[in-house]
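Q: I'd like to ask you about the structure that follows.
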2 protein chains.
Amino acid sequence: MAGKLPVSPLAPKGGFPDLPVIKGVRFAAVAAGIKYKDRADVMLAICDDTATVAGVLTKSKTCSAAVSDCRAKLGGDGSGGIAIVVNSGNANAFTGIAGVDSVHRICEATATATGIPTNNIYTASTGVIGEPLPDDKITEAISKLSATASEDGIESAARAIMTTDTFPKGSTRSVSVGGRTVNIAGIAKGSGMIAPDMATMLAYVFTDARVSFDTLQAWTKEMADLSFNRITVDSDTSTSDTLLVMATGRADVDVESAPEDEIAAFRVALFEVMLDLSHQVVRDGEGATKFVTVAVQGAESDEDARKVGLSIANSPLVKTAIAGEDANWGRVVMAVGKSGAAADRDRLSIWFGATLVAKAGQIAPGYVEADAADHMKGDEITLKVDLGLGEGLATVWTCDLTAQYIAINADYRS
Amino acid sequence: MAGKLPVSPLAPKGGFPDLPVIKGVRFAAVAAGIKYKDRADVMLAICDDTATVAGVLTKSKTCSAAVSDCRAKLGGDGSGGIAIVVNSGNANAFTGIAGVDSVHRICEATATATGIPTNNIYTASTGVIGEPLPDDKITEAISKLSATASEDGIESAARAIMTTDTFPKGSTRSVSVGGRTVNIAGIAKGSGMIAPDMATMLAYVFTDARVSFDTLQAWTKEMADLSFNRITVDSDTSTSDTLLVMATGRADVDVESAPEDEIAAFRVALFEVMLDLSHQVVRDGEGATKFVTVAVQGAESDEDARKVGLSIANSPLVKTAIAGEDANWGRVVMAVGKSGAAADRDRLSIWFGATLVAKAGQIAPGYVEADAADHMKGDEITLKVDLGLGEGLATVWTCDLTAQYIAINADYRS
């Protein structure tokens, strides 16, 4: 499949961004021939000195061996350097004890080639599941990856982790902290049935700032909840979802000791990188032709607002209506009603774009369908819902559900 | 839309069943011109004497005015007769106070025409939402309906409540209780995006046995949980879902005083009617080409088994694979993992039809994909999952997800 699909019409204009060097991190990619022909499928990101790694991993009860291994290693002291090894083409999921052994062998080979302790080596695999991972192809490639890794190799890493993504995903922000410039750069691959055989979202974010593990982990969790955990393509949860954030400290700036406004600026920059990457994942949703923002307000709580937002964003009824450019607000009402959150049909208001469609549980006075219909013709759709109950807020993002999605998932198998 | 879609390939062979007369209940249908041309769109079911009505209604927080009205009336003593009035073509949902007034006027007109107390008059509306219900067309038709209602009119009622259903749905069982024959007959219309504008499942079951309200309500709830609440077409919940079960007592048999084995036989018969109707709803799922049974065992609890079953049955990933006749067990693993139920990937076994595909968290020894692939080519698919943890069991039913489903919901609007 990879490379055969046309680039998503929602891909960012201008292609892959220019990502700055993140001091202390080197990247390499290689074509190890795991599954795809003629493209890189293994990447190494390496920090030779002590660094901090935070992360958020899938909640799936059938998670992959690599996810279990990463979960166990997070929170270590990071001394002696960090390595991240990712392959595409095979997810090493539902492979039993053989899968655990594969992760072990990859970590050992990486430790041998790089001198980094195995406890600081994080792996991920993405692609077909249930097939044994030919880890010998990865372990054989590690020395070469280690030898060729360079600070400007991040785009090659972004390409190596793609499966059926139609474009590589990168994002960056720079911010001034303590009189110095701190850089943040991240890469991701797509989620939610992007791959014909298994959904997988992988994201790696790097900064040359110094941040302690406890703080970086807290920020990563908080920001993932507002970005990667607020997107949905089709409501299916991967066995392999992994987000890691590495802080090398090599810009010689300690974020936590900076003035409050600079800490805030760093946090905003880190969040923007994560949000941008998560939106790019939605923009590469299978068959997507519309990028959809669902903004919920007036809920009894933020958690209720999130429930309503995800109920709308996951509804096949809503998503097919958007694909059909139909301002079908009745389906939004239905999705609010089934969400489980507190709701009162007679206090509900709904906007499509800037057009108030429904108010106080009825069609809005003076509503003209042509106004909403105009908005639906664009490729950036906004649905706003006010529950009229309280102060709870949430925004989630999704894409439409098209026949191309069915074709990709029903008619093909990689 | 109605009538334009071809009859579902999964429709029961032999067409609408011969339903027996249920002593005490008369039916009528009429073309009131609410929306559709040249077809009946209002039905009346009437029991002139005291009877028992039990029911289960949608949990949607944005439920229709008719649902709220039915909920308030259930549990009344049923003296003076019972009437059920249902229209298709307009759901009278999200219509504010006007919708409440419509329900009130329909009940008043029915009371006037039939002499039945308004407290015993149950209504439902199904079709487009957000548009005012032209209830004058219904109230004008009531006298005629009341005058023409006959004991053999149930098929016309089944046809009048259709929206985009491709076939009318009926089911019956007879059972001997207390030396007499007791009949049960039910009708239903489709759920889950069957209608382009709103999902609606309506089902009405009638028996001439006598059952007290408390018992009939308990049985109805218990049986709905194992039938109508175990089916899913697309995970969307209607604002109008209504199941009513009426016991007229006119067969002069008191079920609760019968011997235990006869009570059991009656319960089985009632459940089979409800299960058959719920399966017919799935068989008429939009775009469906496969009827899918998902049987889960070995869960920690029945509730966990139900969660896993619905997670599999609602997964677009699983449903598109079935549409593509792909024995893609990896997607089943994914759906187990995301269900929220206790699961251990290394104890999981999966069957496609009779073929053991995966065992103990890995592909089963000796598994030959061709065996499972053969099963996937049929139009009755069974997925069995054993979680290997406990004694919890559940079976749920769904259909596949096809491009036709997208076409119906994205490209058309009624």
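Q: Which aspartates and glutamates, on any chain, are close to B:Lys23 with Cα under 12 Å apart, when same-chain ones fewer than 8 places away are left out?
A: Cα-Cα hits under 12 Å: B:Asp48, B:Asp49, B:Glu151, B:Asp152, B:Asp208, B:Asp252.
Q: Sticking with this structure for a sec: Please give the helix A:213-225 orientation as an angle from the longest Cα principal axis of chain A, in degrees from 0 to 90, rounded to the nearest 10.
A: 30
Q: Among B:Asn120, B:Val67, B:Met246, flag the residue with its Cα farthest along the positive direction of the charge dipole of chain B, charges on Cβ as +1 for Lys/Arg and -1 for Asp/Glu.
A: B:Val67
Q: Put a label point 7 Å from Cα along the Cβ direction on B:Gly33, then list its distances to the equivalent points in the other copies in nm, shortest first.
A: For B:Gly33, the inter-copy label distances come out at 7.7 nm.
Q: To one decimal in nm, how far is A:Val268 from the same spot in the other copies, if labels go 7 Å from Cα toward Cβ? Please give the shortest first.
A: Label-point separations across copies, in nm and ascending: 7.1.
Q: Too long at a 29 Å Cα-Cα cut-off: which of A:Lys384/B:Lys189; A:Lys37/B:Lys359; A:Lys37/A:Lys144; A:Lys377/B:Lys189; A:Lys338/B:Lys319; A:Lys319/B:Lys59?
A: Values: A:Lys384/B:Lys189 32 Å; A:Lys37/B:Lys359 31 Å; A:Lys37/A:Lys144 19 Å; A:Lys377/B:Lys189 33 Å; A:Lys338/B:Lys319 21 Å; A:Lys319/B:Lys59 22 Å.
Beyond 29 Å: A:Lys384/B:Lys189; A:Lys37/B:Lys359; A:Lys377/B:Lys189.
Q: Starting from 0.36 nm per residue, how many nanometres of slack lie between A:Asp371 and A:Leu226 once their C-alpha separation is accounted for? Walk me through the intermediate numbers first.
A: Numbers: separation 145, 0.36 × 145 = 52.20 nm, distance 3.07 nm.
Full extension from A:Asp371 to A:Leu226 adds 49.1 nm.
Q: Can you say what percent of the DSSP beta bridges in the protein assembly as shown, counting only those with both residues inside, are antiparallel? Round to 5.
A: On the way: 100 of 148 bridges.
About 70 percent, rounded to the nearest 5.
Q: Mind putting a number on the dipole of chain A about its Cα centre? Charges go on the C-beta only, +1 for Lys and Arg and -1 for Asp and Glu, and I need it in Debye to the nearest 20.
A: Values: 37 positive and 52 negative charges, 139 e Å.
It comes to approximately 660 debye.
Q: Treat the count of other C-beta atoms within 10 Å as a stand-in for reagent exposure and order B:Asp136, B:Asp69 from fewest to most. If you can, show how the numbers build up before the last one.
A: Numbers: B:Asp136 13, B:Asp69 19.
Least to most surrounded, the residues fall as B:Asp136, B:Asp69.
Q: Let me ask something else. Please compute the Kirkwood hydrodynamic radius of the protein assembly as shown from all pairs of different C-alpha atoms, in Å with one decimal. Please list the in-between numbers first.
A: Details: mean 1/r = 0.0353 Å⁻¹.
Averaging 1/r across every pair of different Cα atoms and inverting gives 28.3 Å.
Q: Separate question: Considering only C-alpha atoms, what is the centroid distance from the range B:97-167 to the range A:9-65, in Å?
A: Between the Cα centre of the range B:97-167 and that of the range A:9-65, the gap is 61 Å.
Q: How high is the relative contact order of chain B, in percent, with contacts defined as C-alpha pairs under 8 Å that are six or more residues apart?
A: Working: 1056 pairs, mean separation 74.8, N = 414.
Averaging sequence separation for qualifying contacts and normalising by length gives 18 percent for chain B.
Q: Could you give, in nm with one decimal, how far B:Ser257 is from each other copy of that position, shortest first, with labels 7 Å out from Cα toward Cβ?
A: 9.0
Q: Using a basic spin-label model with each label point 7 Å from the Cα along Cα→Cβ, how many nm lie between B:Ser79 and B:Glu391?
A: 4.6
Q: Which net charge results when you count Lys and Arg as +1 and Asp and Glu as -1 among the other residues whose beta-carbon is under 14 Å from that of B:Ile97?
A: Working: positive: A:Arg345, A:Arg347, A:Lys359, B:Arg105; negative: A:Asp344, A:Asp346, B:Asp69, B:Asp101, B:Asp135.
Summing Lys and Arg as +1 and Asp and Glu as -1 gives -1.
Q: Moving on to the next point. If R₀ is 60 angstrom, what is the calculated FRET efficiency for the pair B:Ala360 and A:Asp214, using the beta carbon separation as r and rounding to 0.05? If you can, show how the numbers build up before the last one.
A: Values: r = 39 Å, r/R0 = 0.64.
Approximately 0.95, to the nearest 0.05.
Q: Which of these, A:Thr139, A:Thr402, A:Thr112, has the largest mean-square fluctuation under a Gaussian network model of chain A (Cα springs below 10 Å)?
A: In the Gaussian network model the winner is A:Thr112.
Q: While we're looking at this one, here's another question. For the range B:291-411, just say rounded, prolate or oblate: build the C-alpha gyration tensor, square-root its eigenvalues into a ≥ b ≥ c, call rounded for a/c under 1.5, and beyond that prolate if a/b exceeds b/c, oblate if not. Please list the in-between numbers first.
A: On the way: a/c = 2.04, a/b = 1.29, b/c = 1.58.
Cα axes put the range B:291-411 in the oblate bin.
Q: Going by how many other beta carbons lie within 10 Å of each one, how would you line up A:Glu262, A:Glu151, A:Glu286, fewest first?
A: Details: A:Glu262 18, A:Glu151 13, A:Glu286 28.
By the 10 Å Cβ count, ascending, the order reads A:Glu151, A:Glu262, A:Glu286.
Q: Say we join alpha carbon atoms closer than 10 Å with springs in a Gaussian network model of chain A; which of A:Ala11, A:Ala141, A:Ala354 then has the biggest fluctuation?
A: Most flexible of the set in this elastic network: A:Ala354.
Q: Something else now. When A:Met201, A:Met162 are ordered from fewest to most other Cβ atoms inside 10 Å of their Cβ, what list results? Don't jump to the answer; show the numbers that get you there.
A: Values: A:Met201 24, A:Met162 27.
Lowest count first: A:Met201, A:Met162.
Q: Would you please give the FRET efficiency between A:Glu380 and A:Asp302, computed as 1/(1 + (r/R0)^6) with r the Cβ-Cβ distance and R0 = 25 Å, to the nearest 0.05?
A: The calculated FRET efficiency here is 0.55.
Q: So what's the projected area for chain B, the Cα convex hull averaged over all directions, in nm²?
A: Approximately 19.5 nm², given one-decimal rounding.
Q: As a check on your reading of the symmetry: which chain B residue has its Cβ nearest the axis that brings B onto A, and how far is it in Å?
A: B:Ala403, 2
Q: Springs between alpha-carbon atoms under 10 Å, Gaussian network over chain A: tell me which of A:Leu270, A:Leu389, A:Leu243 tops the mean-square fluctuations.
A: A:Leu389
Computed from the coordinates by the stated procedures, all read-outs in this text should not be read as laboratory data. What you see is a predicted model; the values in this text were computed from it and never measured. Note: ideal-geometry Cβ built from the backbone for every residue, glycine included; neighbour counts use all protein chains shown.
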